[in-house]
């Protein structure tokens with residue numbers, strides 16, 4: 001089975017919350033001096049429903065999650081919403097761990113772009 005490659009921060013991975021988009025590479029840079037905390041996994045919103053996935057896409061997510069570096073903190077926005085780190089959260093959940101390293105913006109950085117209404 002040929003696996004597809006996910007985008008990475010270096011290849012232009014983006015974070016979207018509502019209409020706002022940020023470059024993940026930029027988020028990593030801007031959050032590099034934030035205090036790293038240990039967040040209980042039960043305090044994170046892990047109930048977001050994603051679009052339907054094929055079995056191949058699901059395997060790709062599991063594979064990426066198993067390779068995720070848990071020494072790298074996830075990035076949360078000012079409201080505690082996830083900006084970067086879904087595969088790390090998947091790994092923590094699959095491992096049965098109770099907490100994950102995280103950083104959180106006190107105030108969100110300006111977005112890289114704002115999406116127009118799509119109707």
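The values are calculated or read from the model by the stated rules, or taken from the named source; none is laboratory data. Only a predicted model underlies this, so the values are computations on that prediction, with no experimental measurement involved. Note: ideal-geometry Cβ built from the backbone for every residue, glycine included; neighbour counts use all protein chains shown.
A few remarks follow.
- Output for region 4-35, where each listed residue is loosely packed, with under 12 Cβ neighbours inside 10 Å and either under 20 Å from residue 114 (Cβ atoms) or at pLDDT 95 or above (or both): 12, 18, 32, 33, 35
Table: residues versus (1) in a loop (DSSP other than H, G, I, E, B); (2) within 15 Å of the chain's Cα centre (by Cα).
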residue	(1), (2)
26	no, yes
29	no, yes
42	no, no
52	yes, no
59	no, no
75	no, yes
78	yes, yes
103	no, yes
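- Being modelled with pLDDT of 90 or more and more than 26 Å from residue 114 (Cα to Cα) is a description that does not apply to residue 1.
- Residue ID - farthest from residue 33 (Cα to Cα), chosen from residues in region 100-119 that are surrounded by 14 or more Cβ atoms within 10 Å (Cβ to Cβ) and at pLDDT 95 or above: 100
- Hits in region 30-47 - residues which are under 19 Å from residue 15 (Cβ atoms) and touching a helix residue (DSSP H, G or I) at 6+ places or on another chain (Cβ under 9 Å): 44, 46
- Residue 87 modelled with pLDDT under 90 and either in contact with a strand residue (DSSP E or B) (Cβ under 6 Å, 6 or more places away or on another chain) or in a helix (DSSP H, G or I) (or both): no
- Residue within region 54-71 that is in contact with a strand residue (DSSP E or B) (Cβ under 9 Å, 6 or more places away or on another chain) and closer than 16 Å to residue 97 by Cα present: yes
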